[in-house]
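S.K.: Just dropping this structure here.
The values are calculated or read from the model by the stated rules, or taken from the named source; none is laboratory data. Only a predicted model underlies this, so the values are computations on that prediction, with no experimental measurement involved. Cβ sites come from the backbone with ideal geometry, for glycine too, and all protein chains shown count toward neighbours. Only protein heavy atoms, including side chains, enter the accessible area calculation; ligands, DNA and RNA are left aside. Shrake-Rupley method; radii C 1.70, N 1.55, O 1.52, S 1.80 Å.
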Amino acid sequence: MTQQVSGSPFLKPFFLKTPVRVVSPLRQRRHTLPASEFRNLTPQDAISVFEIEREAFVSVSGECPLTLDEVLNFLGQCPELSLGWFEEGQLVAFIIGSGWDKERLSQEAMTQHVPDTPTVHIHVLSVHRHCRQQGKGSILLWRYLQYLRCMPGLRRALLICEDFLMPFYLKAGFKEKGPSAISVSNMHFREMEYTLGGQAYARRNSGC
């Protein structure tokens, strides 16, 4: 006679021969996910990414920076240019980037990844609605930029944003490059640039 045992819903069940020693729940080893984890995103994270993005942007502008297909495309082509913040296994904030090979961003940059280039186009930074107003966006952006500094060959990051977001990015170290040639519906944007030259700031657990 055997007894099926599964210690986690993410593990395949295995079998133990009887007799099975009964252990008090208070003495059982607890299997817990990391309290806080930063890692690159994968296509398996795409649904969670898109749900957070859709809630954050559609209610404000009516448009998502990336469609679900585009999220899947970028996470498939260049997952190393993404970063997700997970708390107890749940995605709470993320950034998705791709490679670009021109001095300024154009409409084509919204859907293309150009590999082996010195420029990263940051498409979207978004925070789950229950985790906003906690500084998570600033923390994630800082960690992402330091992570990019550790990647050989990268020299700068570009993004576009609306006027009301400019102070956020200026505080993070971005410089304004002027009006963007990109437009979405009737929205207009400013282009911002961050120089990645030099070494990452010395900090424990910087990931470098």
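S.K.: Checking the cross-link filter: which aspartates and glutamates have an alpha carbon closer than 18 Å to that of Lys102, excluding same-chain neighbours under 8 positions apart?
M.R.: In chain and number order, the partners are Asp116, Glu176, Glu191, Glu193.
S.K.: Enumerate the aspartates and glutamates that Lys171 could reach by cross-link, defined here as Cα to Cα under 12 Å, with residues fewer than 8 away along the same chain left out.
M.R.: Within the straight-line cut-off, Lys171 pairs with nothing.
S.K.: Which distance in nm do the two modelled labels at Asp101 and Thr117 give, with both placed 7 Å along the Cα-to-Cβ direction?
M.R.: 0.8
S.K.: Given a 1.4 angstrom probe, what's the average accessible area per residue across region 99-208, in square angstrom?
M.R.: 57
S.K.: Take the solvent-accessible surface of the protein heavy atoms, probe 1.4 Å, and return the percent of it on region 88-137 that carbon and sulfur atoms account for.
M.R.: That share works out to 44 percent.
S.K.: Also, I was wondering about something else. What trypsin sites (Lys or Arg not before Pro) does region 153-197 have in DSSP loop regions with at most 14 other beta carbons within 10 Å?
M.R.: Arg155
S.K.: With every protein chain left in place and a probe of 1.4 Å, what is the accessible surface of Ser180, to the nearest 10 Å²?
M.R.: Only protein atoms counted, so the area is about 20 Å².
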